[in-house]
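This report concerns only the one structure given below.
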Amino acid sequence: MAITYNDVEPGTEIPPRSYQVTRLDLVRYAGASGDFNVIHWNERAARSVGLPDVIAHGMYTMAQAGRYVAEWAGDPGAVTEFGVRFSAMVPVPDDGRGATIEVSGTVAEKLGDNKVAVELTARADGAKVLTRARAVVRLP
Amino acid sequence: MALNQDYVGRVFGPGAPYEVSRVKIAEFADAIGEPSELCRDREAARQAGYPDVIAPPTFAIVISTRSTGGLRAEPDLGLDYSMVVHGEQSFTYSRPLHAGDVVTATTTVESIRTLGAMSMLVTSTEITTVAGEHVCTAKSTLVERGR
């Protein structure tokens, strides 16, 4: 059942979710998005520019937070504003498991027109990888 | 290397129109793990009140990245793309993008800042239909790390 505007108040928490990200996910995302920056798929190139490993596209991490809030709202089209700051990299080791992105969210404010502002948090390996992450979502 | 400040205020585009397709939306939704049938099933999307399948909220990056690509490739800008990480990103939608939309994108360089060895390039990309309807504004901050 999709949540409705009347169900939520400032402080309402969205159940946290975890999303696994592997090298294959990054290759697939590179192809789908057109972002072929070598640091997202070539370990040798990533290390040569001082990175610890291949890192996830920031946009891949943002997309996980977007998917999280869209699923809560029951409609990807309900997200009218969405902004993040990328505060830490998400290294994705080639070990068959990759990295885990943990997303959580809280309703910060009820706006007019059935819209709510949601504050989002994303962590990977204990580090906050998104800050100032906020989405405005229209609920039924 | 500091980026060329002369680019502040420069406008790139609109480029060639981009046609949003069902196949591309489904491919993107698969790539990010977005499970919604509204991104894949036209009937489900219509029942939800959309003209056709809708794109996930970060899909506009596909269009805005094409628009900023010309800027990033400008030799006089001095951007070393292998040293670039994404700093910030936002999308403001007038409505969701849907299959069948034909849109153009125009990118404005809002600011270029240098902080020590780092440079920050802020762009704003307006995505509008070829009929002139605003769909999305995508703002991006790229950070070039110092070597």
Evaluate the range A:64-80: report whether one residue or more is out of contact with any helix residue (DSSP H, G or I) (no Cβ under 6 Å at 6 or more places or on another chain), surrounded by fewer than 18 Cβ atoms within 10 Å (Cβ to Cβ) and on the phi < 0 side of the Ramachandran plot. yes
Only residues that are more than 7 Å from chain B (Cβ to nearest Cβ), β-branched (Val, Ile, Thr) and outside any helix (DSSP H, G or I): list them for the range A:23-62, please. A:Val54, A:Ile55
Based on what the data block shows, is A:Met89 closer than 18 Å to A:Asp125 by Cβ and not in a loop (DSSP other than H, G, I, E, B)? no
B:Gly33: at pLDDT 95 or above and open to solvent by 50 Å² or more (accessible area, probe 1.4 Å), yes or no? no
Could you list all residues from the range A:92-113 that are closer than 23 Å to A:Gly74 by Cα, open to solvent by 60 Å² or more (accessible area, probe 1.4 Å) and assigned to a loop (DSSP other than H, G, I, E, B)? A:Asp113
Collect the residues in the range B:81-100 that are hydrophobic (A, V, I, L, M, F, W, C) and part of a loop (DSSP other than H, G, I, E, B), keeping them in residue-number order. B:Leu97, B:Ala99
Looking for something touching a Pro at 6+ places or on another chain (Cβ under 7 Å) and small (Gly, Ala, Ser) - is there at least one such residue anywhere in the range B:80-94? no
How many residues, within the range A:1-27, are surrounded by 18 or more Cβ atoms within 10 Å (Cβ to Cβ) and not β-branched (Val, Ile, Thr)? 4
Could you grab me the full set of residues in the range B:92-141 that are open to solvent by 30 Å² or more (accessible area, probe 1.4 Å), within 14 Å of chain A (Cβ to nearest Cβ) and over 24 Å from A:Val136 (Cβ atoms)? B:Ala117, B:Met118
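The values are calculated or read from the model by the stated rules, or taken from the named source; none is laboratory data. Note that this is a predicted model, so its numbers are computed, not measured. Cβ coordinates were reconstructed from backbone atoms using ideal geometry, including for glycine residues, and neighbour counts include every protein chain displayed. These area figures cover heavy atoms from the full protein model, side chains too; ligands, DNA and RNA do not enter into them. Shrake-Rupley method; radii C 1.70, N 1.55, O 1.52, S 1.80 Å.
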